[in-house]
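Participant: Quick one: structure below, then a few questions.
What follows is calculated from the coordinates using simple rules that are stated; it is not laboratory data. For clarity, every value in this text was computed on a predicted model and none was experimentally measured. Because the Cβ atoms are built from the backbone with ideal geometry, glycine has one as well, and the counts that use them run over all protein chains shown.
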Amino acid sequence: MKWLKIILFLLPLLLAFSDLEAQQRFPKPEFHTKYTQPTPTTPEPRGVGMEFVDVLVLLVVLSLTSWFAIKKRSRNGILLLTVFSAIYFGFYRNGCICSVGSVQNVALAFADPKYVISLYALLFFLLPLIFSLFFGRVFCGAACPLGAIQDLLIYKPITIPAWLRKTLGFIPYLYLGLAVLYAATGTEFIICRYDPFIGIYRMNGPHLMIYLGIAFLLMGLFIARPYCRFFCPFGAILNVFSRFSRRHLSVFPTKCIQCKLCTTACPFEAIDFPDEEKTKPDTKSNTRRFILYMALIPVLMLAGSWIGSKSHVFLSKAHPDVYLAELLISHPELKTDSKNIDIQTFLASGKSLETLVAEAQVIRDKFYTGSWILGAFLGLVIGLMAMNQIIFRRREDYQANKGNCYSCGRCLDYCPVE
Amino acid sequence: MQDTQDNIKLFGNLITVSGIFCLAVALLLLINYWHIRQTKPLETEALKSLVQQFQADPESEALKKDIRSLDLLARKAFFTSQWQIKAGALLLLFGAIAFATCLRIYHTMKARILEPLIDGVDSKVTRMLSQRWILITGGLLLGSALVVSFLTTDYLKIYEETGTVVQAPAEPAVKVAVVDKDEKTGRQKTEDGGQEDGKTVVGDAGALVIPAKAGTSPLSSAGVLVTPAKAGAPSLNTDFRNNHPSFRGPWGQGISYHTGIPVDWDGPTEKNIKWKVALTKKGNNSPVIWSDKLFIAGADNESEVVYCFNRLDGKLLWEQDAKDIPGSPAVPPKVTADTGLSAPSVTTDGQQVYAIFATGDILALDMEGKRIWAKSLGVPDNHYGHSSSLICWKDKVIIQFDTNKGGRLLALNSLTGEISWDTPRKAKISWSSPIMAEIDGKLQIITTSSPTVAGYDFDSGAQLWAIDCLSGEVGPSAAFADGLVYAANEYARLAAIKPGPTPVIVWESDEYLPEAASLAVSNGLLFIATSYGMFACYDSKTGKKQWEKEYGQGFYGSPMIAEGKVYVMDRSGAMHIFKVDRTLTSLGDPILGEKSVVTPAFADGAIYLKGEKSLFGIETIRQQKK
Ligand code: SF4
Ligand code: SF4
């Protein structure tokens, strides 16, 4: 009985770290000894005061980065801050809480009135967004521990064809949508679960997580900041916000003299080149296309929401309750499988299958709503991304793309203009 | 300049060295990781065998010492490898930092102005390509989501829907298929609802007048004594006592009144095995006996069959299919192999035999195998398969019909199949069987389920008392003795209940709890058999444990008491026989030679067992010579 209770208590932990199952566990001895088991202690949460130290540090780093990027134009300053962030937010604070993951806390807080988001998490979410609205992605420039570790390990970046970059740029939105869906339905925080660098910062964790991190870093030697560019869901939001930034880092201090020296500076291909006359689009056909896209977007959204609503069944299978209910329905024989700890714990709880199914159904209904919103959102993103390709903005200088630029400051040193 | 060149070289070399170092450490870590994944220090053969030896000899200090030292060794090995991982990770980190730093310095020193990129890319082409690929990728994503959504099975919906299917035919207004009405030659309905034929008479109160078992010789073919049961006198009559009319004997109480039961046999060498017949269809139901006839049922996806054997020689007398039943599902429901399509045992009142299957089909046959009536109760929504056995008495067949859609207790008129009463129960799905007992002069049906243990009036079906004390998926049926009802379930508790308008739990325990096997009580002692191989005896008045014995095999079949002995068969087919006594006295562990999950049936001088593959008639030679 006691064991069952312990198992019951451990279940959420097991679910959260199911990858850890692979690690060794030592059962109690087979017979009585004089040894008394110590009562397990729960580690104290970080003190409230200390939490605000983190917020303060973040605020200082963001302010300094903005200052270095925009006023001081110092790559070295930003580099120092990057190293600091990797050490402080990464190795010291173990990459938790990070702004990237805070998206999920916010989503859950919106969806579940019972969940109260801590001010700490909220500030970690808001501060980078506010700064990006004014100064661009200074958070990515030096404050983000995930960006920092990748930035420090760029070796020989290769150029990726623009069409491929743009197409892959869809992934962060997909990831963001899924992360919000899973967080809002209380399923899982997938950004945290699949965060590739946490394992490295903590020097611990499921081995697969660590290998994923190493793989990303190795890839990052040649494809600069692969996670930032093609996965980061928070980056997707920052990208949008940053486009409105009034004071963004500028490659040239006063005037671009078209020396083209900065063209090789950005490892992320975030510098937009001026338009050549010959590439100027034919306005008439462009207008036609624009109208076409305007019509296409609602269609894409509708199709997306329909497909989304259809997909809620398989999307919801990730939720532990839905998973368990379906498992028991589809494989009732597993009830006798004493090794299946999920099922055994469920049986021990004395809950009936009927209740479990009812609960699972409630979750699935939530998924229904969530999935069609997700589908519509993705339809919108696809449409807007495609439409963005025909929108022509006049450009005469070599300038950082406000959405894609991480404010790393590399290009600043390349510009000969004083 | 020369200096810079030297430095560039130096840092170039440092990069190579630190790079190789990182790779080597990473490789070692990887190997370590694989190694850990492969080996399970606590699952070594040596430790396992030590533990096994220890279980046989729990007092041995030497064994304890050996296990301890092996365990310590395993733990040491584990923590050493943990330490190795930690140290390796740290080394890797420092290596990586060195690598990154050198890289940075190297590049800064080597930095030269690169040839600017010429705007060779036609932005128009890029824009077109981007549009195309964004749309293609988006389309592919949505398309595959759609395909996947059509390929996924919505089990929750299936669950709900099959529920609806069940609900529909489960209404009381089910058609009764009375078969062979006209062919019932020699068996006509009398006006008062009774039947007459050459052998059996039904009294006006519905009390069955049934052929009793004859003589004391177990082998003599039973003559037919007409022993009328008085109406309104519910006490278990001698006919029922002299037979094994349902699962766990008369009234399902787990007690047999037969004597001369063998305690020694051996399946593999056929010692004392009078006969053995191979089973043709699967069925986890237990044999039921009336006079010389032994009944079992079996079912597969093709058909559901009731078999009647001559218990004296094992000859199959007849078999009858449950076919052409209106409302019966075309495809049998999905059940687990553990339960099967024919888990409920049949029941007989000596005049007819009644059988129910996982399809919800129920039928009544006469003792010659002729169908009297059959009907479908609707497929019970049961994820393992319906397994509650039937019980009959007087003019009623009782069905405990607890499904995922709620619980019911039904009584069908044994002559017509019509519903006599149908009481909804506050019960979740269960797998236990109803038992009957006379409590305060009233004949009651006692059921166990989650969460309720309840008693119902046999005549009206009214609930007389109920108490919530169980949880989980209830399989074990109740027991009754000396005014107390006993109920138990795994993960819940074992409770002795004083039934009454306000029932009270007299004592309870949760040390050993059964998953499938029912309880048996006799002589102030209660017996419990768990699915993990523990057999325990308690004082039925106080709940004090008297003794326990552990077996390597669990118990699914229920313990039965006969002649002051308790018989319980483990899943390997080994019968364990004990004296019903406060001290553990083992009387033998004869084996069947096949796995078995069912409960034995008894007749004077004989025991009938059903294995996975065969049905056994067992008698001792001594008895035979009588
Ligand atoms: S893109 Fe994401 S991971 Fe990269 S630096 Fe920005 S917030 Fe961090
Ligand atoms: S600051 Fe310059 S180099 Fe860095 S990301 Fe922005 S454009 Fe690229």
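Participant: How far is the Cα center of the range A:66-122 from the Cα center of the range A:154-210, in Å?
Facilitator: So the separation of the two Cα centres works out to 16 Å.
Participant: Further, regarding this structure: So for the pair B:LEU584, B:ALA87, with labels modelled 7 Å out along Cα→Cβ, what separation do we get in nm?
Facilitator: Taking the simple label geometry, B:LEU584 and B:ALA87 are separated by 4.9 nm.
Participant: Return B:THR542, B:THR448 ranked ascending by Cβ neighbour count within 10 Å, so the fewest neighbours appear first. Write out the running numbers ahead of the final one.
Facilitator: On the way: B:THR542 11, B:THR448 33.
Arranged by neighbour count, lowest to highest, B:THR542, B:THR448 become B:THR542, B:THR448.
Participant: Kindly provide the pair-distance distribution of the range B:545-591 built from C-alpha pairs, with 10 Å bins from 0 and whole-percent values in order of increasing distance.
Facilitator: The distribution over the range B:545-591 is 28, 59, 13, given as percents.
Participant: Continuing with the same structure: Using 0.36 nm per residue, how much length does the chain from B:ILE105 to B:ASP266 gain when fully extended, once their Cα-Cα distance is taken away?
Facilitator: 49.5 nm is the gain from fully extending B:ILE105 to B:ASP266.
Participant: How fast does the protein assembly as shown diffuse by Stokes-Einstein, in µm²/s, taking the Kirkwood radius from C-alpha pairs at 4 °C and 1.567 mPa s?
Facilitator: Working: Rh = 34.5 Å.
Answer from the Stokes-Einstein relation: 38 µm²/s.
Participant: Would any residue of the range B:89-104 have its amide N under 14 Å from a label point 7 Å out along Cα→Cβ of B:LEU28? List them or say none.
Facilitator: Those under the cut-off are B:89-96.
Participant: Which order results if A:CYS411, A:CYS259, B:CYS22 are arranged by neighbouring Cβ count within 10 Å, fewest first?
Facilitator: So the ranking, lowest neighbour count to highest, is A:CYS259, B:CYS22, A:CYS411.
Participant: A follow-up question, please. In nm, to one decimal, how far is the modelled label at A:ARG247 from the one at A:LYS71, with both set 7 Å along Cα→Cβ?
Facilitator: About 0.7 nm separates the two model spin labels.
Participant: Now for a different question. At what distance in angstrom do the alpha carbon centres of the range B:566-596 and the range A:354-418 lie from each other?
Facilitator: 70 Å
Participant: Based on DSSP, what percent of beta bridges with both residues in the range B:423-512 are antiparallel, to the nearest 5? Mind dumping the intermediate values first?
Facilitator: Values: 27 of 28 bridges.
That works out to approximately 95 percent antiparallel.
Participant: Let me ask you something else. Expressed as a whole percent, how much of the Cα-Cα distance distribution for the range A:283-388 exceeds 16 Å? Let's see the in-between values first.
Facilitator: Numbers: 3648 of 5565 pairs.
Of all Cα-Cα distances in the range A:283-388, 66 percent exceed 16 Å.
Participant: Let me ask another. Grab the beta carbon distance between B:LYS442 and B:GLU563, set R0 = 25 Å, and tell me the FRET efficiency rounded to 0.05.
Facilitator: Between B:LYS442 and B:GLU563 the formula returns 0.30.
Participant: Which FRET efficiency value, to the nearest 0.05, is calculated for A:LYS351 and B:ASP539 with the Förster distance at 25 angstrom and r the Cβ-Cβ distance?
Facilitator: 0.15
Participant: Sorting B:GLU43, B:GLU515 on the 10 Å Cβ count, fewest up front, what's the list?
Facilitator: In increasing order of surrounding Cβ atoms, one gets B:GLU43, B:GLU515.
Participant: Just to be sure I understand the curve: with the Debye formula and one point per C-alpha of the range B:2-158, what is log10 I(q)/I(0) at q = 0.10, 0.19 Å⁻¹?
Facilitator: Summing over Cα pairs of the range B:2-158 leads to -0.85, -1.07.
Participant: While we're on this one: For chain A, just run the numbers: alpha carbon Rg, then divide by 2.2 N^0.38 Å, N being how many residues it has.
Facilitator: On the way: Rg = 24.8 Å, N = 418, 2.2 N^0.38 = 21.8 Å.
The reported ratio for this selection is 1.14.
Participant: Here's a follow-up. Within 9 Å, Cβ to Cβ, of A:PRO320, how many net charges do the neighbouring residues add up to if Lys/Arg are +1 and Asp/Glu are -1?
Facilitator: Details: positive: none; negative: A:GLU188, A:ASP321, A:ASP342.
Neighbour charge sum, excluding A:PRO320 itself: -3.
Participant: Another question, if that's okay. State which entries of B:LYS544/B:LYS579; B:LYS426/B:LYS610; B:LYS48/B:LYS76; A:LYS339/B:LYS334 exceed 28 angstrom in Cα-Cα distance in the structure shown.
Facilitator: With Cα atoms farther than 28 Å apart: B:LYS426/B:LYS610.
Participant: Return the FRET efficiency for the residue pair A:VAL53, A:ILE117: r is the Cβ-Cβ distance, R0 is 22 Å, and the value is rounded to the nearest 0.05.
Facilitator: So the FRET efficiency works out to roughly 0.70.
Participant: Another question, then. Taking H placed 1.01 Å from N in the peptide plane, check which residues at least 5 places from B:TRP507 or on another chain put their amide H under 5 Å from its amide H.
Facilitator: B:ALA496
Participant: Something else about it: For the range B:233-310, run through the GluC sites (Glu not before Pro) and keep only the ones in DSSP coil with at most 14 other Cβ atoms within 10 Å of their Cβ.
Facilitator: Details: sites: B:GLU270, B:GLU302, B:GLU304; in loops: B:GLU270, B:GLU302.
Here the GluC sites (Glu not before Pro) that fit, given the DSSP loop and packing criteria, are B:GLU270, B:GLU302.
Participant: If you filter the range A:98-185 for trypsin sites (Lys or Arg not before Pro), then keep DSSP loop positions with at most 14 other Cβ within 10 Å, what is left?
Facilitator: A:LYS114
Participant: I want to make sure I understand the PRE zone here: with the label point 7 angstrom from the Cα of B:LYS157 toward its beta carbon, which residues in the range A:332-358 have backbone N atoms less than 17 Å away?
Facilitator: Only A:358 pass the distance filter.
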